[in-house]
Amino acid sequence: MKKNLKDYIVHLDKCIPKKMCNKIIKELNKDKNWYRHNWTNSKSYKKFISKEKELYMNNTQKLTDIKKLYDLVWKAIEKYILIEKLGGEGFKGWVGFSQIRFNRYNKDQAIKKHVDHIQSLFTGDIRGIPILSIVCVLNDNYEGGEFIMFDDYEIKFKAGDLIIFPSVFLYPHLVKPVKKGTRYSFVSWVY
């Protein structure tokens, strides 16, 4: 077992082909079902919207390439699970991953520092706890929007890059405000 937390962050370059990323963004731009990100109060489980300028989210599953996208995410998870630097033993305690959620960060929008202990995803038909977080950035033609972990560790994304990391308190992360353009990404959680 590795002792450096960064060893458990796996960055897969160009996991999603650029042509596919562009097509997804084009289809997302036509979709009108965007809504503001909200937070859940851990004591009352009530949702609230931060006073900060936070991102917009979209849960659409009506994209032309959605099945292909899910297949690519599944393959990325398998790579993570079997990766040698994690000990090579392979982690077999996962069942699947949550529905993909798309994120859109317009100018000045961000998401504050948080950890991915998201209970609300697993209260319906799917039961479990998030054990791995998945983040994929679909474009790179924006300024700002840096992805920061551990207060000072920036992960630089190119269009189609995907990262996977543990969904626990040891992996706080944020996205800084976008300064120019629009940042598109998607997230999901392995359970």
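Just so it is clear, none of the values below were taken in a lab; they were calculated from the coordinates. Quantities reported herein were computed from a predicted structural model and do not represent experimental measurements. Cβ: placed from backbone, ideal geometry, glycine included. Neighbour counts: every protein chain shown.
Sparse packing (at most 10 other Cβ atoms within 10 Å of the Cβ) combined with a DSSP loop state is found for the following chymotrypsin sites (Phe, Trp or Tyr not before Pro) in the stretch 114-185: Phe169. Dipole check for the stretch 123-191: with +1 at the C-beta of Lys and Arg, -1 at the C-beta of Asp and Glu, and the Cα centre as origin, the magnitude is about 160 Debye. Summarising the amide proton neighbourhood of Asp31: residues at separation of 5 or more, or on other chains, whose placed amide H is nearer than 5 Å comprise an empty set.
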